1. Give the carbon-plus-sulfur fraction of the accessible surface of the range 1-136 in %, rounded to a whole number; probe 1.4 Å, heavy atoms of protein chains only.
2. On a 21 Å Cα-Cα criterion, which of the cross-link pairs 34/79; 2/49; 34/85; 49/85; 85/148; 2/79 come out too long?
3. I'd like the Karplus ³J(HN,Hα) series for the range 46-56: coefficients 6.51, -1.76, 1.60, θ = phi - 60°, whole numbers in Hz, and an x wherever there's a Gly or Pro.
4. Please work out how much length the chain gains when fully extended from residue 37 to residue 65, using 0.36 nm per residue of separation minus the C-alpha to C-alpha distance, in nm with one decimal.
5. Between the range 70-137 and the range 14-46, how far is it from one alpha carbon centroid to the other, in angstrom?
6. If you average the sequence gap of Cα pairs under 8 Å that are 6 or more apart and divide by the length of the chain, what percent do you get for the contact order?
7. As a check on your grasp of the helix formula, calculate [θ] at 222 nm for the chain: sum -39500 (n - 2.57) over DSSP H runs of n ≥ 4, divide by the residue count, round to the nearest 500.
8. Grab the eigenvalues of the alpha-carbon gyration tensor for the range 95-140, scale each by 5, take roots, and send me the semi-axes largest first in whole angstrom.
Amino acid sequence: MKVSINGKAVELGSSPDTPLLWALRDELGLTGTKFGCGAALCGACTVLKNGLPVRSCVTPISTLAPDDSITTVEGNADKVALAVKQAWHELDVVQCGYCQSGQLLAATALLSANPHPSDQDIDLAMSGNLCRCGTYPRIRAAIHAAAKLL
C-alpha cells in the first residue's frame with residue numbers, strides 16, 4: 001500500500017486491516033498520534049486525510065488510496081498549522097498534553113476550511129476531540145488567536 005504521509009511517499013507493509021494509527025506508530029515510528037479509546041470517540045488519534053480530520057484508530061490502511069495524503073502532528077507544518085501551534089504556545093493551552101496532537105490537527109483542519117470561525121463553529125468542529133484536563137476554553141481562545149495570525 002503506497003500513500004503519502006507528511007509529504008513523503010511511503011510503502012506500508014502492514015496487514016490491510018491494520019488501523020492507520022498502528023501503521024503510523026509501529027511501522028513508521030510516528031508516535032505523535034496517540035491511542036485513546038480505539039473506537040473513534042475521543043479524537044486522540046486524529047490525523048488529516050486529504051486535509052480532513054479522520055480517526056486513525058478505526059481507519060484500516062486498506063481504505064487508503066495511493067493519492068491520499070496523510071498528515072500527522074509531526075508533519076503538520078503549513079501556514080495554518082504554524083499559526084495554531086503559535087497560539088497554543090502563547091495561550092499555554094496544554095496541560096497533560098495527551099489529546100493535543102488530535103486537537104492541533106482538528107484546529108488546523110477547521111481554520112483551513114474556515115479562517116474566521118465563530119464560537120459555535122469551533123465547538124462543532126472540536127466536539128469530537130475530548131480533553132480530560134478540560135482545556136476547552138483555552139482551546140477555543142487559541143483557535144481565535146490563530147485565526148488572527150492568518
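1. Carbon and sulfur together cover 56 percent of it.
2. Values: 34/79 23 Å; 2/49 14 Å; 34/85 18 Å; 49/85 19 Å; 85/148 13 Å; 2/79 26 Å.
Correct reply: 34/79; 2/79.
3. The phi angles translate into 4, 10, 9, 10, 6, x, 10, x, 9, 8, 5 Hz.
4. Gain on extension, residue 37 to residue 65, equals 7.5 nm.
5. Centre-to-centre (Cα) distance: 18 Å.
6. This gives 25 percent for the chain.
7. -10000 deg cm²/dmol
8. On the way: eigenvalues 65, 25, 12 Å².
For the range 95-140, the ellipsoid semi-axes come out as 18, 11, 8 Å.
The values are calculated or read from the model by the stated rules, or taken from the named source; none is laboratory data. These numbers were taken from a predicted model, which means no experiment stands behind them. The accessibility values were calculated without ligands, DNA or RNA, using every heavy atom of the protein model including side chains. Shrake-Rupley method; radii C 1.70, N 1.55, O 1.52, S 1.80 Å.
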